[in-house]
Every structure is written in structure tokens, then in C-alpha cells.
Amino acid sequence: MTGITFAQPLVLWLLLLVPAMVAFYVLRQQKTTASLQVPGLKPFSKAGTTFRNYLRYILFALRVATVGLLIVVLARPQKTDRFQDVTTEGIDIILALDISGSMLARDFKPDRLVASKNVATEFISGRSFDRIGLVVFSGESFTQCPLTTDHAVLVNLLREIESGMIEDGTAIGNGLATAVNRIKDSEAKSKVIILLTDGVNNRGEIAPATAADIAKTYGVRVYTIGVGTQGTAPYPVQTPFGIQYQNVPVEIDEAILKDVAAKTGGKYFRATDNNKLAQVYAEIDKLEKSKIDVRQFTRKEEKFMVAAIIAFVLLAMEILLRNTIYKNIT
């Protein structure tokens, strides 16, 4: 970061003298009276006002400019250069997001999937120094975005996610296994998966417990999030009369999600509304904060010399003019 600062900024208050000087000069000119009294002005009718008379104001202008520049010099303007040497302990994070049909339930606003995407976007924006990837799953699973520091691309891919992109169902084990496969070869000191689902594992070839064992083997910590209110939630159903909402039971296999988190050294969270979901991500953000060491170097270079030289030149010009061309003008 580069800019001009002042070592003595309070001195700049003296610049208020400049408008005071101007006001005093104007008042003095208005009250000036002639020292020569004559019976009439007829002898001076052809004298006129010369350009030299108008230029007499330049003396005052030079003095005002000199005073202003000297005040700036006393404030000591400086050019400040700051350099930051930032070292980070990188954390690699994979977001594993359930996009099954049940994620369209309206116990979250506007629905579970959109709410999850919005909160995840906020989470990503706060992890500037981490690589983050995205895996989605329902009946199957696939990688939507590999680990990247280009968070703008990641957020765009996250926004494109919709329920129905792949076969419906809830393959929690497959989703977790795909996420582990994406992060297992990472050289980061901390490897994390955040798995979000609203259902019970009912599809896929890999059991959630098996995927958790694989994650533990590779030193991957898994945070699991169950999203859904307690009891029932309104779910959109296609009928001959259009989309209608029916209350369906909320079933989340919390035992499995708790087991997965416990095996890998993570933690299980239950989010029952938008605010609780935001709080969950905020807690995970605190638990997995990057370690950043910042060393700042500051270099200051005095910049008053230019103003001092200009002030000296203007002062010299005033003295020269006052003692030559304007010597007899008061």
C-alpha cells in the first residue's frame, strides 16, 4: 500500500490562517483611503489605471502561497510504503452437498437446497487462503469442482447446482467416498470435509461407516450437518392440479452422521432453519481457521523538500518584486 501521510498532521490546522489572511487583506483594501488631498480629480482624469497597478495583488498572492506551503512543510509529508509477508497453514476443504429431491422441502427459506447454497457461498468467501472443492450427491455422486483457490469459479459452479441433476436418492457413503478421493492426496496440513444431507442413506455401493474409515485412514476430518426441521416439513408434489405442498416426515439418520464425525475427529451439527444453518457454518469456520502469520514492513520517505523549495522560490519572488517593480506601491 502506498500513499502520502503527515508526520505532524495537527500542524495542518494552521492552514486556517490562509483564508483568515485573505479576509483581512480584502477588508484592509476596502478601508484604504488616499493620503493626498486635492480640490478635485480633474488633473488625474487622463491618468487611468495601469496593468502594473492590478498586478500589485500578486505580492499578496505570493505571500499567501508561501505561508500555505511552509505549513505543509512543517507537517512533514511522507510517502509510506508497506509490504506484507504472509505465510499460511493451508487448509483444504471439500463441501459434499446432498442435492436429492427432499432438499426442495420448504422448512428452510426458500428451500433447503437454496439455503444451503447461500450459506456455503458465505463460508467460501471467508476462506481466502484455503483451497476448496465441491462434491454433490443424491442417488450417485460426482465432483462439481476440484480443490481450487479460484473461489469465483467455485461459487459460480455452486450456483448452478440443482436438484434432479443426477438420479434421485441419498447415497451418503458414495458422496463421502468421492469427497475423500478428491482430498486424500492433498499435502495440506489440515484436510476437511463438510458433508450436508437431509436424509437417510438408501443408495450407493459404499456404506457411510466404510467411507468414514477411509477418511480416517487418510487423516481427513469430517463435519456432518443434518438439515431439516423437527417433525414434518412441506414438500412440493406434482399433481394434476399443479404443484401442491404436502407435509412429509423429516427423517435424518443422525446416528450415522454422528458416527462418521466421531470416527474422523469431526463434529455433527443439526440445523433446523436458516439461522441455525448459518450458525453451524460459522462454528466450523472458527474450528478450522487458517493460521496466518503476517509480517509488515514500513518504509517512509520524507516528501517536504519539494514544497520547501517552491515556498523559498515564491518568497524570493515576493522580496524581489517588492523591492523593484512594486517598491513604491503600498
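Hey, among the residues in the range 227-246 that are closer than 24 Å to Ala278 by Cβ and free of Cβ contacts under 8 Å to residues at least 40 places away in the same chain, which one's surrounded by the fewest Cβ atoms within 10 Å (Cβ to Cβ)? Checking each candidate, the answer is Gly231.
Screening the candidates Ile284, Ile252, Ile292 for the property of being exposed (fewer than 12 other Cβ atoms within 10 Å of the Cβ) and either modelled with pLDDT under 85 or within 19 Å of Gly228 (Cα to Cα) (or both) yields one hit, Ile292.
Asp81 fulfils the conditions (1) at pLDDT 60 or above; (2) outside any helix (DSSP H, G or I); (3) more than 39 Å from the chain's Cα centre (by Cα) except for a single criterion, (3).
For the range 255-281, how many residues meet the condition of being in contact with a helix residue (DSSP H, G or I) (Cβ under 9 Å, 6 or more places away or on another chain), surrounded by fewer than 16 Cβ atoms within 10 Å (Cβ to Cβ) and closer than 23 Å to Gly169 by Cα? Residues in the range 255-281 being in contact with a helix residue (DSSP H, G or I) (Cβ under 9 Å, 6 or more places away or on another chain), surrounded by fewer than 16 Cβ atoms within 10 Å (Cβ to Cβ) and closer than 23 Å to Gly169 by Cα: 1 in total.
The residues listed here are Ile183, Ile193, Ile214; of these, the one that is of a type outside the set (Ser, Thr, Tyr) and over 32 Å from the mean Cα position of the chain (by Cα) is Ile214. Of everything listed in (1) surrounded by fewer than 20 Cβ atoms within 10 Å (Cβ to Cβ); (2) in a loop (DSSP other than H, G, I, E, B), the single unmet condition for Thr170 is (1). Taken across the range 153-173, residues that are within 16 Å of Lys263 (Cβ to Cβ) and without any contact (Cβ under 8 Å) to a residue 12 or more places away in the chain do not occur at all.
Looking only at residues in the range 125-138 that are modelled with pLDDT under 95 and not polar (S, T, N, Q), which one is surrounded by the most Cβ atoms within 10 Å (Cβ to Cβ)? Full working, then the answer.
Taking the range 125-138 as the starting set, the residues that turn out to be modelled with pLDDT under 95 are 125-131.
Going one step further and asking which of them are not polar (S, T, N, Q), we end up with 126-127, 129-131.
Values: Gly126: 12, Arg127: 17, Phe129: 14, Asp130: 22, Arg131: 20.
If we take residues in the range 125-138 being modelled with pLDDT under 95 and not polar (S, T, N, Q), then Asp130 is surrounded by the most Cβ atoms within 10 Å (Cβ to Cβ).
Evaluation of Ala47 against the conditions (1) among the aliphatic types (A, V, I, L, M); (2) closer than 29 Å to Ala311 by Cα; (3) modelled with pLDDT under 70 shows that the sole unmet condition is (2).
The C-beta contact set for the range 275-286 (first residue among the aromatic types (Phe, Trp, Tyr), second residue surrounded by 14 or more Cβ atoms within 10 Å (Cβ to Cβ), distance under 6 angstrom, 6+ apart or interchain) comprises Tyr281/Val119; Tyr281/Phe123. On the stretch given as the range 180-226, residues that are more than 26 Å from Ala115 (Cα to Cα) and surrounded by fewer than 24 Cβ atoms within 10 Å (Cβ to Cβ) total 19.
Looking across Gly199, Gly175, one residue alone is within 18 Å of Ser100 (Cα to Cα), in contact with a Ser or Thr (Cβ under 9 Å, 6 or more places away or on another chain) and either part of a helix (DSSP H, G or I) or not assigned by TED's automatic domain parsing to the domain that holds Asp111 (or both). It is Gly175. Within the span defined as the range 155-166, every residue fails to be closer than 20 Å to Tyr218 by Cβ and assigned by TED's automatic domain parsing to the domain that holds Ile252.
The values are calculated or read from the model by the stated rules, or taken from the named source; none is laboratory data. It should be emphasised that the depicted structure is a prediction, and the values quoted were computed from it without experimental measurement. Cβ: placed from backbone, ideal geometry, glycine included. Neighbour counts: every protein chain shown.
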